[in-house]
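*Asks:* One structure is given below, represented as structure tokens, and several questions about it will come after.
Please treat every number below as a calculation from the coordinates, not as lab data. No experiment lies behind these values; they were computed from the predicted model shown.
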Amino acid sequence: MATIPLTRRGAELLKEELHRLKSVDRPAVINAIAEARAQGDLSENAEYDAARERQGFIEGRIAELESKLANAQVIDPKTLDAEGRVVFAATVDLEDLEAGDKVTYQIVGEDEADIKAGRISVSSPIARALIGKYAGDVAEVQAPGGVHEYEILEVRYE
């Protein structure tokens, strides 16, 4: 499996979720299965079926998180020296040249993306258009509504 880029913050969030799944959710679903088994006939026991389905989801998510963390390449933006270039983990101030709106995005891994918090996935169209550019450059982003042009105002590594 290829390495998965994560910011330090993103890696911590995945570790917290993994810990919660192993220490809280997994034991809770095991107890729910035991209680459902105690009720007798399992062939028509909806609580047992729901608990087993939940257990399957939890075990799948645990395996997924362990795999991602094992293959993670954790990048701390504070240690980057990309000479003003837009790279993974950089924070970028942009201005939409058509609308005049100003936005700030940090380019993060897919699991960390949260547009409302200003974090966009490295695989998103806007991030792909920004990577490698410098402050003062104009990035053309192909969006469903047409092409948008953004001027890069500032690139920070924080």
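*Asks:* Any idea what the relative contact order of the range 77-156 is, in percent, if you count C-alpha pairs under 8 Å spaced at least 6 apart?
*Replies:* On the way: 157 pairs, mean separation 26.6, N = 80.
Contact order relative to length: 33 percent.
*Asks:* How large is the direction-averaged shadow of the alpha-carbon convex hull of the chain, in nm²? Each step should come with its number before you reach the end.
*Replies:* Values: hull surface 49.7 nm².
The orientation-averaged projected area of the Cα hull of the chain comes to 12.4 nm².
*Asks:* Moving on to the next point. Of the listed pairs 102/133; 15/133; 68/133; 15/102, which have alpha-carbon separations greater than 23 Å here? Walk me through the intermediate numbers first.
*Replies:* Working: 102/133 17 Å; 15/133 32 Å; 68/133 28 Å; 15/102 33 Å.
Pairs exceeding 23 Å: 15/133; 68/133; 15/102.
*Asks:* Looking at the calculated P(r) for the range 74-158, what percent of the C-alpha pair distances fall above 21 Å?
*Replies:* Everything past 21 Å amounts to 20 percent.
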